[in-house]
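Enquirer: Here it is: the structure, laid out below.
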Amino acid sequence: MKILRFAALGVAATLALTACSSDTSDDATAGSTGGTDDGAAEITLWVAGADTPQELRDYLVDTFAEENPGSTLVIEEQSWGDLVTKLTTALPDAENTPDVVEIGNTQSPTFTTIGAFRDLTPLYEELGGDDLLQSFVEVGKADGKNYALPYYFGSRYMFYRADLWSAAGLAVPTTLEEFSTSVKALRTDATSGFAMGGQDWRNGISWVFANGGELATEDGGEWTSTLSDPNTIKGLQQWQDIYIGASNLPSTERDVAYWDFINDGTDGSAPAAATIMAPGWARWSIGDLTTNDEGEEVRDGMADATKFDIFALPGVDGGIAPVFAGGSNLAVSATSQHPELAENLLRIIYSEEYQTMLGKNGLGPANSQYVSSLGDDKFAQTMIETAAASKLTPAAPGWAAVEGAYVYEELFQKIADGGDVTALAKEYDEKLTPMLNGQG
């Protein structure tokens, strides 16, 4: 999933300066042909990380060449850790910019708000329109225009040891309170009822969302941190209670490989967690050990349903709680010299065939018409349901700076350590509001 750590302070300012110095015309970023003549040419797609399988990359290269005679597509993989820094340098440089880029959903606002991407609004309906995952569409918008569109999604839900829950006489919870009560009851000195690091705000904000809270709101282009909102405070207090009562992990932990905790110990001992929250792909790191066709020892993907199972985090009054969604967006560089070819590539990516290929490879298709390609088992259905209820972080211009400064990690650790939530909320609202507006 695209939930990242990166040094992003100053990114918006750097891009704004370089964008101002570029000679890109208004037309080139407003959905017209722009750039140079789109005859036969080579264009570049930057994919982030290894999530796009080689089969899909080959399909894009071959199909692009077939549909654009004489032109070629080159796909370059960038690491998530370096992506923002590389884009900051490359996007304003017309000679070296990638034409199409994959970017994490939380990173999108940093670039959409300062003109780094081409306006895709004229293509919006053709590429899927309102059938596209709307939470991802929203973080790719600026001033009502579409600059980045969803590529694929993933969603997080609860993985649990059904054998431990059953032995304790506990059923799958139907409300958030039932979940809290159950996982606190499951905690022992050796096993977390719910394993969660104290700095793990990306999972923790689901409690905020479930209570109707928000991290920030926007009015007239100005963003305000809303941690002090009563609903947000209620969610943070619930998260504090469940962390203190159910988790054995230190308050300094973040980005933990929780899927390792739910498996049996190497010596057959009890697992380190009865329950975890993780993206859907964590399934393939969970289960009993087996040997694959290459002779490698791997987990069996939760084959034993009496031992391992899943459920969606329930809401306050039932149903499904909103969770933070992972995934990525796609955008065309505003300085691309071949914008028409770049848009042709997007047409291939948003085609039924490619969207279906995403689903068959376990990646949530951007277009809801094709989510059936994920399959019809409980994993696919839970992924679809939780994604439909998902939320993203605020689409504020300074969001990358907030993440780069680890502000929420700091806040959540203090909450996990038993700090006064109301006082901390006030303190961090004052710190976050200018940062969200690019002033911190």
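Enquirer: Treating the beta-carbon of each Lys and Arg as +1 and of each Asp and Glu as -1, no other charges, what is the dipole magnitude of the stretch 156-311 about its Cα centre, to the nearest 20 debye? Don't jump to the answer; show the numbers that get you there.
Expert: Working: 10 positive and 24 negative charges, 96 e Å.
Dipole magnitude for the stretch 156-311 comes out near 460 debye.
Enquirer: How large is log10 I(q)/I(0) at q = 0.07 Å⁻¹ when the Debye formula is applied to the Cα atoms of the chain, each weighted equally and without solvent?
Expert: -0.36
Enquirer: Give me the aspartates and glutamates in straight-line cross-link reach of Lys431: C-alpha distance below 18 Å, same-chain residues under 8 apart excluded.
Expert: Leaving aside aspartates and glutamates fewer than 8 places away in the same chain, those within reach of Lys431 are Glu214, Glu218, Glu222, Asp229, Glu403, Glu409, Glu410, Asp420.
Enquirer: Across the stretch 192-205, in residue order, what do the Karplus-derived ³J(HN,Hα) couplings come to in whole Hz, using 6.51 cos²θ - 1.76 cosθ + 1.60 with θ = phi - 60° and x for Gly and Pro?
Expert: The phi angles translate into 6, x, 9, 7, 7, x, x, 8, 7, 6, 5, 7, x, 5 Hz.
Enquirer: Related question: Take each of the peptides 191-197, 81-87, average the number of other beta-carbon atoms within 10 Å over its residues, and list them starting from the highest.
Expert: Working: 191-197: 25.4, 81-87: 17.7.
Ranking the peptides 191-197, 81-87 by packing returns 191-197, 81-87.
Enquirer: To test your reading of the geometry: what angle, between 0 and 90 degrees and rounded to tens, separates the Cα axis of helix 339-349 from the longest principal axis of the chain?
Expert: Orientation of helix 339-349: about 40 degrees from the principal axis.
Enquirer: If amide hydrogens are placed 1.01 Å from N in the peptide plane, which non-local residues have theirs closer than 5 Å to the one on Arg187?
Expert: Residues meeting the criterion, in which the H sits 1.01 Å from N, are Gly193.
Enquirer: Would you mind putting 66-72, 175-181, 334-340, 44-50 in packing order, based on average other-beta-carbon counts within 10 Å, highest first?
Expert: With the highest mean Cβ count within 10 Å placed first, the list reads 334-340, 44-50, 175-181, 66-72.
Enquirer: With +1 on each Lys and Arg Cβ and -1 on each Asp and Glu Cβ, how big is the dipole of the chain about its Cα centre, in debye rounded to the nearest 20?
Expert: It works out to roughly 1400 debye.
Enquirer: If each of Ala65 and Glu253 carries a label point 7 Å out from its Cα toward its Cβ, how far apart are those two points in nm?
Expert: 4.8 nm
Enquirer: Provide the packing ranking of 366-376, 122-132, i.e. peptides ordered by the mean count of other C-beta atoms within 10 Å per residue, highest first.
Expert: 366-376, 122-132
Enquirer: Specify the angular offset, from 0 to 90 degrees and rounded to the nearest 10, of the alpha carbon long axis of helix 407-416 from the longest principal axis of the alpha carbons in the chain.
Expert: 10 degrees
Enquirer: So for the stretch 156-311, what are the equivalent ellipsoid semi-axes in whole Å, largest first, each being the square root of 5 times an eigenvalue of the Cα gyration tensor?
Expert: So the equivalent ellipsoid measures 31, 18, 14 Å along its semi-axes.
Enquirer: Of all DSSP beta bridges in the chain, what percent run antiparallel (nearest 5)?
Expert: Working: 33 of 44 bridges.
Just about 75 percent of them are antiparallel.
Enquirer: Checking the a/c ratio against 1.5 first, then a/b against b/c, what shape does the Cα gyration tensor give for the stretch 59-202?
Expert: Cα axes put the stretch 59-202 in the prolate bin.
Enquirer: For Thr291 and Ser351, compute 0.36 nm times the residue count separating them, minus their Cα-Cα distance, and round to one decimal in nm. Write out the running numbers ahead of the final one.
Expert: Numbers: separation 60, 0.36 × 60 = 21.60 nm, distance 3.66 nm.
Gain in length upon complete extension: 17.9 nm.
Quick note: the coordinates plus some simple rules give every number you see, no bench work behind them. Since the structure is predicted, the reported quantities are computational estimates derived from the model, not experimental observations. With ideal geometry, Cβ positions are generated from the backbone for all residues, glycine too; neighbour counts draw on all protein chains shown.
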